[in-house]
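The values are calculated or read from the model by the stated rules, or taken from the named source; none is laboratory data. Owing to the predicted nature of the structure, the values given are computational and were not obtained by experimental measurement. Here Cβ is always computed from backbone atoms with ideal geometry, including for glycine, and neighbour counts include all displayed protein chains.
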Amino acid sequence: MSLFRCPVCGGALCREEAAYRCPAGHSFDIAREGYTYLLPPNRKHSAAPGDDRDMAAARRDFLSAGHYAPLLDALCREILPRCGASPALLDAGCGEGYYTAGIYRALCQAKRQPRMAGTDISKFILRYAARRQREVEFAVASSFGLPLADGAVEVLLNCFSPLALEEFRRVLRPGGHFFYVVPAARHLWELKEVLYDHPYPNEEKETPYEGFAYRAIVPVTFSMELEGSAIRSLFRMTPYAWKTPREGVARLEALERLTCQADFRIHIFEKL
């Protein structure tokens, strides 16, 4: 049985060879890449929501090269001790599935038997995610209307995606853990120095959320040596691609090498 639930009636979905079906007869085709579409029309606010083709390709290229591997390693170190023998996990806003697939593989290597799902609002980026890890279920869906049952998962991961607290509380079981990854103050500082005349650090804060207890804040900071296309892929996969002045883009395009700091915080919460 699938971790997903029917977005029409809420019934359990069964994954078949070419489609997901619920007992009420609702059916959702599985794309050739391996993902399905569970976003109701009233939650689709544009023709192609989420990351477009260029952003999706940039994210795939950059992450596949291993530049953010220290963050994946840190997530695996923190998630594995908090999982049982047969854990159910959700990566909400999973993007092209780099962290989803890495965590799934780490659990399998640790002799666990995970059931894992990833959701994202962009169909373009899920094409890469579904190809990356066939054993994980992927669906186009909004984090603000997750197609999962109440208390369905014991681990929920959210990396740089919208914070849908009400839904995260709903789908996490009591005692389950929520991993929230955000950029820290100096994240990509050297890139920002190239793009902007007056860059400023990211705001850092510790915010308690109703229904959750803070368990840890784990810093992950490392330096990256980037060249050529990697610099441009990093730029295109960030929000800076939408709001950088032409002068900043020109400076970036002229770069051949960049030493850049990655600076993250993993906020770990337990569902009460």
Selection within region 73-106 - within 20 Å of Val153 (Cα to Cα) and out of contact with any strand residue (DSSP E or B) (no Cβ under 8 Å at 6 or more places or on another chain)
Cys76, Arg77, Leu80, Pro81, Ala85, Tyr98, Ala101, Gly102, Arg105, Ala106
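Sort out which residues of region 225-252 are in a helix (DSSP H, G or I), free of Cβ contacts under 8 Å to residues at least 12 places away in the same chain and not hydrophobic (A, V, I, L, M, F, W, C), and write them in order of number.
Lys243, Arg246, Glu247, listed by residue number.
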Within region 158-176, tally of residues that are outside any helix (DSSP H, G or I) and touching a strand residue (DSSP E or B) at 6+ places or on another chain (Cβ under 8 Å)
11
Would you check if there is a residue in region 263-271 being in a strand (DSSP E or B), among the acidic types (Asp, Glu) and at pLDDT 95 or above?
yes
Flagged in region 132-162 as surrounded by fewer than 17 Cβ atoms within 10 Å (Cβ to Cβ) and at pLDDT 95 or above, in numbering order, are Glu135, Phe144, Gly145, Ala149, Asp150, Gly151
Just a yes or no: is a residue in region 213-223 surrounded by fewer than 11 Cβ atoms within 10 Å (Cβ to Cβ) and touching a Lys or Arg at 6+ places or on another chain (Cβ under 9 Å)?
yes
For region 56-71, pairs from a residue that is in contact (Cβ under 8 Å) with a residue 60 or more places away in the chain and within 14 Å of Glu225 (Cβ to Cβ) to a residue that is part of a helix (DSSP H, G or I) and hydrophobic (A, V, I, L, M, F, W, C), with Cβ under 7 Å and 6 or more apart or across chains, are Phe62/Ala230; Phe62/Leu234; Ala65/Ala230; His67/Ala230
Evaluation of Tyr200 against (1) among the hydroxyl-bearing types (Ser, Thr, Tyr); (2) surrounded by fewer than 15 Cβ atoms within 10 Å (Cβ to Cβ); (3) at pLDDT 95 or above (one fails), failing number:
(3)
By residue number, the members of region 111-125 that are modelled with pLDDT under 95 and touching a Cys at 6+ places or on another chain (Cβ under 9 Å) are Ile125
In region 13-36, what residues are buried (at least 16 other Cβ atoms within 10 Å of the Cβ) and either in a strand (DSSP E or B) or hydrophobic (A, V, I, L, M, F, W, C) (or both)?
Leu13, Arg15, Tyr20, Arg21, Cys22, Phe28, Ile30, Thr36
Filter region 253-272 for residues that are free of Cβ contacts under 8 Å to residues at least 40 places away in the same chain and among the charged types (D, E, K, R); the one that is surrounded by the fewest Cβ atoms within 10 Å (Cβ to Cβ) is Glu256
